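The values are calculated or read from the model by the stated rules, or taken from the named source; none is laboratory data. This one's a predicted model, so the numbers in the text were calculated from it and none came from an experiment. Positions of Cβ are backbone-derived with ideal geometry, glycine not excepted, and every protein chain shown enters the neighbour counts. What goes into the accessible areas is simple: the full protein's heavy atoms, side chains included, and nothing from ligands, DNA or RNA. Shrake-Rupley method; radii C 1.70, N 1.55, O 1.52, S 1.80 Å.
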Amino acid sequence: MEGGIHPADASAFRDCFSLAWKNPYVLRLAFSAGIGGLLFGYDTGVISGALLYIRDDFDSVDRSTLLQESIVSMAVAGAIVGAAIGGWLNDRFGRRFALLVADFLFFLGAILMAAAPNPSVLILGRVFVGFGVGMASMTAPLYISEASPAKVRGALVSTNGFLITGGQFLSYLINLAFTKAPGTWRWMLGVAGLPALLQFVLMLGLPESPRWLYRKGREEEAITMLRKIYSAEDAEMEIQALKESVEKEIEETGSSEKINMIKLLKTTTVRRGLVAGVGLQVFQQFVGINTVMYYSPTIAQLAGIASNQTALLLSLVTAGLNAMGSVVSIYFIDRTGRKKLLVISLIGVILSLGLLSAVFHETTTHSPAVSRTNTAQFGNVTCPDFSSSRPSVTWDCMKCLKASSPDCGFCAASGDKLLPGACLISDDPVKKTCHAEGRLWYTRGCPSKLGWLALVGLALYIIFFSPGMGTVPWIVNSEIYPLRFRGVCGGIAATSNWISNLIVAQSFLSLTEAIGTAWTFLIFGVISVVALFFVLIFVPETKGLPIEDIEKMLEERAFQLRFWAKRPQSAKKSAKIDA
């Protein structure tokens, strides 16, 4: 049946890679569309490093947490609009057209960011980039899903996830490459336009999705493309199934063009599919992944890493682990199943966030003390709040960093950074004076002997998140909806993802300032527990099932709570018959 996921076995991963020489056309389709995922990943990662240098160039940004969050999150706000419009564009003009529009908007945004004379223009460029990323994020997996052989559809859609994480890794490499270049952050953000330009050129030479073509009455074009994708025998089966699917839609609704939103929400299978699909997209963000990807250098500094370059290098490691996790997903997605990967992923995420919360609690409650003698050596640049406090009041590094009239920094003791240091006014001349004495300068986090454990916690978080919660929500949303509703439902799910992304990105730094880093990660941990129960109750296992069985599961809500058990033989037989 059209849209079904044919039974996968242990050879699915091998079959996927055998396409490289058996049918390179399919891989060309998948990787060309997957550059949309690269755009998504690059934008997610590049801003984390660029923000460190944007703060140095614009004093207004350095002084305002709200402005920093806005520079990060305005791209996400644009992505919300882009994903919402993208659903309509996909159904009206096609998947290929939507990707071309996304590439144009992303390229325009990259140019604006690179040339930005002030934070306002920079934010405008971020909004245009967001439009493009939002469209690409929901269109790329949809295009790949509809233009892939059924047996390896999950693995090929996972390549989009791999390119997302690959884009993040590439962005950190670019960040490191330009740390010493004039106009550092301008190069970091401007280079983002190159993947968009590359995809635009590649997509011009590719056809539209065969399933969209068939629904629009362009049967001959659709059939020609399906015969390029499938073997002769499988192609005839897919063509027949696609024909029956579209005819059934017309019979039920009287038209294959118009989508009635009220009827869509009243349809049990679609409504429950949206609950599962939208829920996964929301929880993907609310377990905190993009706090790690947007703010990983900042988190490294909160853990006690003083150097911008060192923080960027450590964030490169997390990005590399994220990309490796996507490769793991490609291998297991058609063997292990979607639901099992999600459960294993969330259990690991919960444990990792618990470790992060404990480590940050320890580092913030046992930070180095502030020495009045040490501070006095720097003369009249002492932090005003510290100098006006009574001698009997004990100050430590964390209390120094929380001073706000004006902002203050901690100059660690020379030799051993854990010994009492100085609390001074935070500005460039004072920072240079501190460095001139061979000391480390801290403004976001404090020196700690346990800082390395926070980095271990971040690494474990990425290792567990990436193969499951990182890729599976996009795969489930590309296959759980009937053909007629894929564009609009995919747009709804992607929009919910970006709205959740915006909430998390806009609130992370404010949360860490208001309640502390430890409590912030603890909140993400509690949300991860809720997400685990959501997956167990509301998310169906779609591996190896034709569309009829998925719809039947949604209709009867038979979501197989014992997801680790083998499916009944009848379900397997049904899948084989449809295959």
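Quick notes on this structure:
- Residue in the stretch 363-386 that is nearest to T471 (Cα to Cα), counting only those that are open to solvent by 20 Å² or more (accessible area, probe 1.4 Å), touching a Ser or Thr at 6+ places or on another chain (Cβ under 8 Å) and not β-branched (V, I, T): H366
- Scanning the stretch 151-164 for residues that are in contact with a His (Cβ under 8 Å, 6 or more places away or on another chain) and over 18 Å from P473 (Cα atoms) turns up at least one hit.
- Meets criteria (open to solvent by less than 30 Å² (accessible area, probe 1.4 Å) and assigned to a loop (DSSP other than H, G, I, E, B)) for A413: yes
- Filtered residue count, the stretch 36-69, keeping only those that are farther than 21 Å from G193 by Cα and among the polar types (S, T, N, Q): 4
- Set side by side, the residues A454, A514 differ, and just one is of a type in the set (G, A, S) and over 23 Å from T44 (Cα atoms), which is A514.
For every residue, the table says whether it meets (1) farther than 25 Å from L356 by Cβ; (2) part of a loop (DSSP other than H, G, I, E, B).
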| site | (1), (2) |
| --- | --- |
| S496 | yes, no |
| G525 | no, no |
| L532 | no, no |
| K543 | yes, yes |
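- Breaking point among (1) in contact with a helix residue (DSSP H, G or I) (Cβ under 6 Å, 6 or more places away or on another chain); (2) assigned to a loop (DSSP other than H, G, I, E, B); (3) open to solvent by less than 10 Å² (accessible area, probe 1.4 Å), for M469: (2)
- Lone unmet requirement of (1) assigned to a loop (DSSP other than H, G, I, E, B); (2) modelled with pLDDT of 80 or more; (3) under 20 Å from E247 (Cβ atoms) for E221: (1)
- Test: S326 is surrounded by 18 or more Cβ atoms within 10 Å (Cβ to Cβ), among the polar types (S, T, N, Q), modelled with pLDDT under 90 and in a loop (DSSP other than H, G, I, E, B): no
Here's the yes/no breakdown for (1) closer than 30 Å to F533 by Cα; (2) not hydroxyl-bearing (S, T, Y):
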site	(1), (2)
L342	yes, yes
L346	yes, yes
P368	no, yes
P384	no, yes
D396	no, yes
S404	no, no
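- Residues in the stretch 197-245 that are of a type in the set (F, W, Y) and open to solvent by 60 Å² or more (accessible area, probe 1.4 Å): F200 alone.
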